[in-house]
Each structure stands twice: as C-alpha cells, then as structure tokens.
Amino acid sequence: MTFRSRVIGATLGAAAIAVVLACLASFFTTRNSLLHSVDESLTAQAAQSIPSSAAAGSNGDDYRIGAYVVLVLPNAQTVPATSVPIDSTILAVARGNGQRVLRSVNVRGHFYRELIIGLPAGSFVQGSTGTYVTKTTTAEIFIIDITGQVAELRNLVRTLLLVAAAGLLLALTLSFFIARAALHPLEDVTNEIETVAQTNDMGYRLNEGDDDELGRLRRVFNRLLSTVESSQALQRQLVLDASHELRTPLTSLRTNAQVLSRAGQLGPEDLEQLTGDMVTQVDELAALVTDLGELARGERSEGAIESLRLDECVDECVDTAKTYARIRDITIDSEVHQSTVLGRRDRLIRAVSNLLTNAIKFTPQGGHIMVRSSSGMISVGDSGPGISDEDRPHVFDRFWRSPSARALPGSGLGLSIVDQVVSELNGSVVVDRDPLLGGARFTITLPIAVDDATDRAEGQF
C-alpha cells in the first residue's frame, strides 16, 4: 500500500466515523424527543385518569383509536373489553408485582406506547358511567398509537443513510485532492533525492524551505549529503595519499630488483646491502598496508565494547616497547595505577603501542621515555626534540610527517590511528611538551567505567 493510499484511507476513515456518529446522534436525538413527547402525554393522562369515551367501546377495533385507558384484573379480564394483548408483564402488575411500566409494543404491524400502572385493592377508578372501587389489585393501562412516529423515524433512517452515503462519497473525492495537495511537497523532495541518486552529485543541496516537518527532512538530508561528501573526499584523499606513499618504496624496490638482475657483477658487500634494503622496503610496505587496514575500519570498528583494565593494557604495551627500546639504549619508566575503561582491547593496545613506537623513533640514543596512567588517562613523554607549535595542529593528519621526520622510516599513519581509536572510545588526545623530559608528550583521556568511578567515589568517604 502506497503512502498516498494510506493518507486517503485515513481521511476517508475519519470522515466515515464523523458521518456515522452524526447520523447516530441525529437519530437517537429525534427518537428520544418523539418518545419523550408521547410519554409526557401518557403521564398527563394518567394523572387525570379519565378514559376516553371511545375506549368504552368493545367492537375489537378500539386498540387503534388512539389514547385511551383499560383496566386489567388479576384474572386477565379487562374493563372495558378490548383487543389489547394481555401478556405476563401486564398480569404481573395487575397482581401487585409491579408498580409502573413504560414500554413500546407492536400489534399486527401497529406500534403503541403503553403506560402500565399498578393499583392496590380499594382504589377509586373513574369510568364512563361513574366511579368504581376495585376489590382486588388491578392494572391501569394508558395507550397511545405511535405508528406515525415510527414511520417518521424510519423515513429519518433512510434519509440519514442517503446523507451518510453522499457524505462518504464526498469525503472520498476530497481525500484524493487533499492527499494530492499534502503529498505534493513530499513528491518534490523525493524527485530531488532521486536526482541525487541518479547523478551521484553529493554537492547538491535541497532547498530547506519552511520550518516544518518537510523542512526538517530537507535539512536532515542535506546534512547526510554533507557527511557523504566529506566521507568521499576523505576516501579520495586517502587513496591519493596512499598511492603517493606507496610509489616511493615500490620505485625503490623496482630499482633494486633491476640492480639485482645483475647480481653476478656485484660484490658480496653490495649484494648484502642490496638485499637488506629490499627487506627494509618490503617491511615498510607491510607496515603501510597494515596501517591502511586500520584506517579502513572507519570511526567505528567491529567487535563488542567491554570493560578493560587500562593499567594491564598499558603494562603489556610497555613490556613490548622495552624490547625495541633496549636496542637503542632507551630507558622506559612507567607509573601505572589501576583504572577501568570501556573499549576494544586490540584497538586500545594498538593506540598505546603507536604512541610508544613514535616516542622510541624520536628519542635519541640513551634517552628516556616516561609512561603514566591513572583514572582513564595515559601519557607518553620522551626526551626527544619535541613538536613545534606550528606542527602540532597537523600531527594527527594522515600521512603527515614533519620535515625533520621525513628521512625516518614510517608511513605517517600511526598518530592518525591513535586519534581514530580515541575518537571511537569518546575520548580525547592532545600533544604538548613534557615539562620534565623536554620532548613531546601525548596524553590520552578516556571515559572511565561506571563501576570504577563508583569505587573511587566510595573511597573518598
């Protein structure tokens, strides 16, 4: 079912409910008004208790004459004799089992309104020839013919049915126009979106229009287009940067491979140096491909977020980094306190390892690195040259390397991965100068787990 059909159906349904309720209200109001008028006439006649002269007749047709009175004895005898059907309800009142009954009856196609009043023994009853005293309980029936009123009600029902049918037909016609007018702006939005889908033009923007639901839809879609356009631009830039970074080691490998084809003309030392260079270049390519794979995960990686002991992750990374730092006589000290954060263990370890690898790369031989961690915070400071103020805004850009670091191995993606992982965990990473060691200091701040925050708060009391 289309959205247009739903709108038409909803409009028609609302109109149908309104028409039906209006018809029912009109019918019951008219019916109650007619019956109330008849009942008032019966009540007034009962108060006077004067039977009509025609009611005294006994020709069998007096029941159709109009308003008159009949007395019913407990043995079902009537005074005067009448063709009024004496049923169990009337007999029950005549025998003293009821006081007052007001009802409508149908006799041979004619409709009547009856008021049945119970009289105790010894009641005075006025008849056509005088006043009588009842010896037993009796029932006095006041009757009015309402066949005409019932016919009017039936005519009203037919009229209301015609009005309802005409109203529904009109509602159906109007619903088509209403749906067309209401959905026309939505169709325009749909056409514009289809144009974007066909042309793949992410720079296109919808006219936001008024401050209503459609305007909100247009603004949301424009933000979506902006996000997609930015994502495509980042992807294109990543591909361009990656191709540029891959070109250098691949060109060097090609050159060395050409030289290696003349291996018979090279001495043992040249051959050893050539193969060593090729191995180094292959390692750089492998590291670059690994880093590109990390960046390809996007801002949200796969895997469930779990509660992690940050101190254990940092200790693991420090133990691994000490193995590489020992080669260059670099000392790594750590001051780690227990804390718990929410994250993915492999991604968190990769971010901390990248900071330690970066510190080892820029720390001179015999230098010092200090690692601190507590309450969801990790800082890695070194005794290297540090990062200048003009370079700090660019350190987390992809493939960016400072002029002093371009001669060093690396892809320029390590710190970008750190920034991506920290953003994924709703944390922050900043860089400044270490006040004690004098080099660069990277500080990661992550939200601590709720349980860990509760434990620390309870420890303050």
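Bear in mind these aren't lab numbers, they're just calculated from the coordinates by the rules spelled out. All values reported here derive from a predicted model rather than from experimental measurement. Here the Cβ is made from the backbone with ideal geometry for all residues, glycine too, and neighbour counts use every protein chain on show.
Remarks
- Placing a pseudo-label 7 Å from each Cα along the Cα-to-Cβ vector at LEU24 and GLN232 gives an inter-label distance of 5.7 nm.
- Legend: calculated FRET efficiency, GLU208 to VAL163, from the Cβ-Cβ distance at R0 = 35 Å, rounded to 0.05, equals 0.20.
- Length released on extending from THR275 to THR445, taking residue separation times 0.36 nm less the Cα-Cα span: 56.9 nm
- The phi-based Karplus calculation (6.51 cos²θ - 1.76 cosθ + 1.60; θ = phi - 60°) puts the 3J(HN,Hα) values of region 210-226 at 7, 8, 10, 4, 5, x, 5, 4, 5, 5, 5, 5, 5, 5, 5, 4, 5 Hz, whole numbers, x for Gly and Pro.
- Calculated from backbone phi, Karplus (6.51, -1.76, 1.60) coupling profile of region 316-322 in Hz, x at Gly/Pro: 4, 5, 5, 4, 5, 5, 4
- Spin-label model, ALA257 to ASP432: label points 7 Å out along the Cα-to-beta-carbon direction sit 5.0 nm apart.
- Peptides 380-389, 259-268 ranked from most to least packed, by the mean per-residue count of other Cβ atoms within 10 Å: 380-389, 259-268.
- Taking 0.36 nm per residue of separation and subtracting the current Cα-Cα distance, fully stretching the chain between ASN155 and ARG31 would add 43.5 nm.
- The residues LYS135, LYS322, when put in order of fewest to most other Cβ atoms within 10 Å, stand as LYS135, LYS322.
- Region 253-272-region 179-221 distance, computed between alpha-carbon centres (Å): 63
- Database remark: amide H of VAL125 closer than 5 angstrom to the amide H of TYR132, VAL133, THR134 (H placed geometrically; neighbours at sequence offset of 5 or more, or on other chains; Pro and chain starts carry no H).
- Each of ARG254, ARG113 was scored by other Cβ atoms within 10 Å of its Cβ. Arranged with the fewest first, they read ARG254, ARG113.
- Sorted fewest first by neighbouring Cβ atoms within 10 angstrom, HIS184, HIS110, HIS368 come out as HIS184, HIS110, HIS368.
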